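Here the structure comes first, spelled out in structure tokens, and everything after it is commentary.
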Amino acid sequence: MDGDFVVGGVFSFHYQLYTVIHNYTIKPEPLRCTGRFNARDLRFSFTMIFAIEEINNSTALLPGIKLGYQIYDSCASVPMATQVAFQLSNGQDPVFYKDSNCSQSEMVAAAIGDSGSTPSITMTRIIGSFNIPLVSHFATCACLSDKQQYPSFFRTIPSDQFQADALAKLVKHFGWTWIGAVRSDSDYGNYGMASFLAAAHREGICVEYSISFYRTDPLSKIQRVADVIRRSTATVVVAFTASGETRVLLEELARELPPPRQWIGSEGWITDPSYLSYSFCAGAIGVAIQRSVIPGLRDFLLDLSPSEVATSSVLTEFWEDAFNCSLKKSEVHNYEHLEIVCDGFEDIKTLKNPFTDTSQLRISNMVYKAVYAIAHAIHNAVCWETNFTTQCDKLIRRDSKQVLTELKMVNFSRNGYPVSFDANGDPVAFYELVNWQKSESGVVELVTVGYYDASLPEGQQFRLMRNMSWVEGSKHVPVSVCTESCPPGTRKVLQKGKPICCYDCTPCPEGEISNTTDSPDCLPCPSELWPNAQRDACFPKPVEFLSYDEVLAIILAAFSVSGACLAIITAAIFFHHRTTPIVRANNSELSFLLLFSLTLCFLCSLTFIGAPSDWSCMLRHTAFGITFVLCISCVLGKTVVVLMAFKATLPGSNVMKWFGPPQQRMTVVFFTFVQVLICTVWLLLSPPYPMKNLSTYKEKIILECALGSAVGFWAVLGYIGLLAVFCFVLAVLARKLPDNFNEAKLITFSMLIFCAVWLTFIPAYVSSPGKFTVAVEIFAILASSFGLILCIFAPKCFIILFQSLDSSITKFLWQDKPPRISLKRFRRPKAEEDWIYPNFIIIS
């Protein structure tokens, strides 16, 4: 249709270009399209015509100016798109006039199209050289946003970059990490899939396979693509394909149905109603252009008379394809002389066809907005406002560059849908999420289930509104992973030579946890926490110390109290028989002091039981050190007295005056004071303190007393050991005293036991872990204390008790009888024998 300004339109009414093998002997035939007719693109072209007629009838937009149009079929092929681009740039006349270098018709003001990205790239490179803007309704390749290469390209449909991000987020949202990818081997498919794979990689999604094909490829290649889909382990297939490639692939898959596959579709095919008949794709989801309403368009489409059909080869082909009949024209080109082979009852109003389906106008609205965008650009170039009226000069021939400049700045709304372009010629990205759902009648329908708005902040762009239907009508989200998710308590270990989504689940090592699914690493618990058995949470470590509740502590405490009681009983026996020669001869003062120190030794072991505190840690070590030095000092004093007593019996010896009771007391006080001094320095400089031992056991905390200064601790032990060795040496020297003098032997045995216990204590103390360190120390204290009291005092108590029993028996037997006097000659008794047999009278 002619007009003051002509708008070009390029659509893909067919998907194949008729190919001829040229022999270069005759003139090549003109290019022509063939293949199956695409009624959907026919609707797009009628939408363009409808919009132009609306504008021509408008008094607000381009008043007094008529828009014309030239609409071409590009067959979605580059050769035909190239030819169409030249026709749009130079006019539609097939020949040049002899008297002019150019055809009579001028180039179009702007063009709309094409439906594919690759033909659009070809066209915009050609017509862009003449500054003719190309506004596409369906070319989504992200490459077309490059204004350096395509400065005159605009589109009303969002770029594939936004679509790819939306699809990647959609796949990630449902937890699919193992997918297959199929794409058209074209600019649309290759650029779109490249953007999707980059977005999927950022989302942690792995691709099992990525294959491409084109609708004109040999059947063997299409079959190989279908076989890859059938044999794959990924249950989710992302198809970034144009409508033509989708039809070829689905037809091949329909021959031998693959296992259930969840299809994720790009907007290139997901809303095409002609594919809803493929029931094995039921449950498919994808992104689609927003559904819209164009008032009056349906009536315009249904107002298609047989006369119009007869005058257009395109409409004739549509009619024959839609009603499966044929129309043959006679030589007289009017309606009356039509030879109708069809039955004549065809009614387009009852036709269910993509051409008449206006229930979900999506791409049609993109065409509609493209026409109005061009009209506003022309309006801004040739019209102006005067006295609240709009004046337009249709005689002004504006340069196409002016229309291009004005097109960059258009900003308006039509039917509630905004129209504007950013610096790259792209609109604001807004998608609907659509789902193929089976109705109760078993028919697959296209249902909107959510939205994706790229203008919103990250995290708020994706929104679902209703439940979805999945493959095979399932209500549960299908699973598509290379490896099942690793539960908490494990971490992912990648499988060698495979994508990052293929991994093994390895339990967390000791002391570490993972509390999330598919954790790449395990995290160590804090020092005072420890993992549970499942290793998915940290709990406080159990605290361990030698508690009174434990059997071991009870046994040790019982022995400690028993030893203290034994020392007290021994002291009571000695005190009761304090007037007897054996008590008096055993240096009763040192004996009572020794028994007192042994009582303290037994009782100080109780300070090692229970939870350590500041006071208990200082008390246990210092009390132990001081009481044992007091004990050894008493034993040492008794040993020295024994030795000196023997020497004092020698004629002229005056030794005992230096080892009397005052000197013995001073000796004990001096030796004990040295230990008190050592302990005081230790406590002042670096005293023992309670600490949590986290190194001995990883899974529990040992409460123990740190030594503070190890030098101080070993100085205390060393001093005790020095006195013990010295005492032992003296006792050994006294072991050959006369047989009846048994005190030296008893001290020797007691100190031998003492030294043996404390020599074995050192390696046992160092190697014992946790609370057993304390138990070893208590055992050493008790063993050495029992050794002293039993070796030194047990024989004496036995004699005392036996002598008391013997006296009682003798008194009972002799009662009124006089004592028997032995007249047998005896050797002179030694003074010591009177200590042992005090009531036996010898008459020499």
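Each reported figure results from applying straightforward, stated rules to the coordinates on display, with no laboratory input. Since we're looking at a predicted model, the values are computed, not measured. All Cβ positions, glycine included, derive from the backbone under ideal geometry; neighbour counts span all protein chains shown.
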List the aspartates and glutamates whose Cα sits under 15 Å from the Cα of Lys147, skipping any in the same chain fewer than 8 residues away. Asp422, Asp426
For Gln16, enumerate residues with amide H under 5 Å from its amide H, sequence gap 5+ or separate chain, H modeled in the peptide plane. Thr34
Residues with amide H under 5 Å from that of Arg491, placed H, sequence gap 5 or more: Thr506, Cys508
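Give the shape of segment 369-418 as rounded, prolate or oblate, defined through the alpha-carbon gyration tensor: a ≥ b ≥ c are the square roots of its eigenvalues, a/c under 1.5 means rounded, and otherwise the shape is prolate if a/b is larger than b/c and oblate if not.
Numbers: a/c = 2.29, a/b = 1.23, b/c = 1.86.
In terms of gyration-tensor shape, oblate.
With the contact rule set at Cα under 8 Å and sequence spacing of 6 or more, what percent relative contact order holds for segment 490-537? Before the final figure, lay out each step's value.
Working: 76 pairs, mean separation 17.4, N = 48.
Relative contact order of segment 490-537: 36 percent.
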Crossing angle, helix 243-255 versus the chain [Cα axis fit, 0-90 degrees, rounded to tens]: 70
Quick one: Karplus J couplings for segment 74-84, per residue in order, coefficients 6.51, -1.76, 1.60, θ = phi - 60°, nearest Hz, x for Gly and Pro? 9, 6, 6, 10, 5, x, 5, 4, 5, 5, 5
State to the nearest 20 debye the size of the charge dipole of segment 501-647 about its Cα centre, where the only charges are +1 on K and R beta carbons and -1 on D and E beta carbons. 1660
Compute the angle between helix 39-56 and the longest alpha-carbon principal axis of the chain, please, reported from 0 to 90 degrees and rounded to the nearest 10. 70
Alpha carbon centroid spacing (whole Å) that separates segment 379-456 from segment 481-501: 46
Whole-Hz Karplus couplings 3J(HN,Hα) for segment 295-301, θ = phi - 60° and coefficients 6.51, -1.76, 1.60, Gly and Pro as x, run x, x, 5, 4, 4, 5, 5
With the charge dipole of segment 490-537 built from beta-carbon charges (+1 for Lys and Arg, -1 for Asp and Glu) about the Cα centre, the Cα from Pro509, Leu529, Pro499 projecting farthest to the positive end belongs to Pro499
In deg cm²/dmol, rounded to 500, what helix-only [θ] at 222 nm does the chain give when every DSSP H run of at least 4 residues adds -39500 (n - 2.57) and the total is split over its residues? -14000 deg cm²/dmol
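Explain nothing, just the number: dipole magnitude of the chain about its Cα centre with +1 on each Lys and Arg Cβ and -1 on each Asp and Glu Cβ, in debye rounded to the nearest 20. Spell out each step's value before the answer.
On the way: 69 positive and 74 negative charges, 1445 e Å.
Using only the charged Cβ atoms, the result is roughly 6940 debye.
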Dipole check, the chain, charges on Cβ (K,R +1; D,E -1), about Cα centroid: among Pro612, Thr483, Ile789 the Cα furthest to the positive pole belongs to Ile789
Hey, can you rank 722-731, 28-37, 367-376, 201-210 by average C-beta count inside 10 Å, highest first? 367-376, 722-731, 201-210, 28-37
Calculate one ³J(HN,Hα) per residue across segment 535-548 by plugging θ = phi - 60° into the Karplus curve 6.51 cos²θ - 1.76 cosθ + 1.60, and present them in order as whole Hz with x for glycine and proline. 6, 10, 7, 9, 10, x, 5, x, 8, 10, 7, 6, 9, 5
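Under the rule a/c < 1.5 gives rounded, and otherwise a/b versus b/c splits prolate from oblate, where does segment 163-243 land using the Cα gyration tensor?
Numbers: a/c = 2.65, a/b = 1.43, b/c = 1.85.
Since a/c reaches 1.5 but b/c is at least a/b, the shape of segment 163-243 is classed as oblate.
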Sorted by chain and then number, the residues having a modelled amide H within less than 5 Å of the amide H of Glu445, at least 5 places away or on another chain, are Gln437, Lys438, Ser439
For the chain, what proportion of DSSP beta bridges, expressed in % and rounded to the nearest 5, is antiparallel? 55
With unit charges on the beta carbons (Lys and Arg positive, Asp and Glu negative) and the dipole taken about the Cα centre of the chain, which residue among Tyr765, Leu546, Gln402 sits farthest to the positive side? Tyr765
In degrees, nearest ten, helix 588-604 long axis to first principal axis of the chain (Cα): 10
Any idea what the dipole of segment 490-537 comes to, in debye rounded to 20, about its Cα centre with Lys/Arg Cβ at +1 and Asp/Glu Cβ at -1? 300
Could you grab the relative contact order for the chain? Cα pairs under 8 Å, six or more apart, rounded to a whole percent. 9
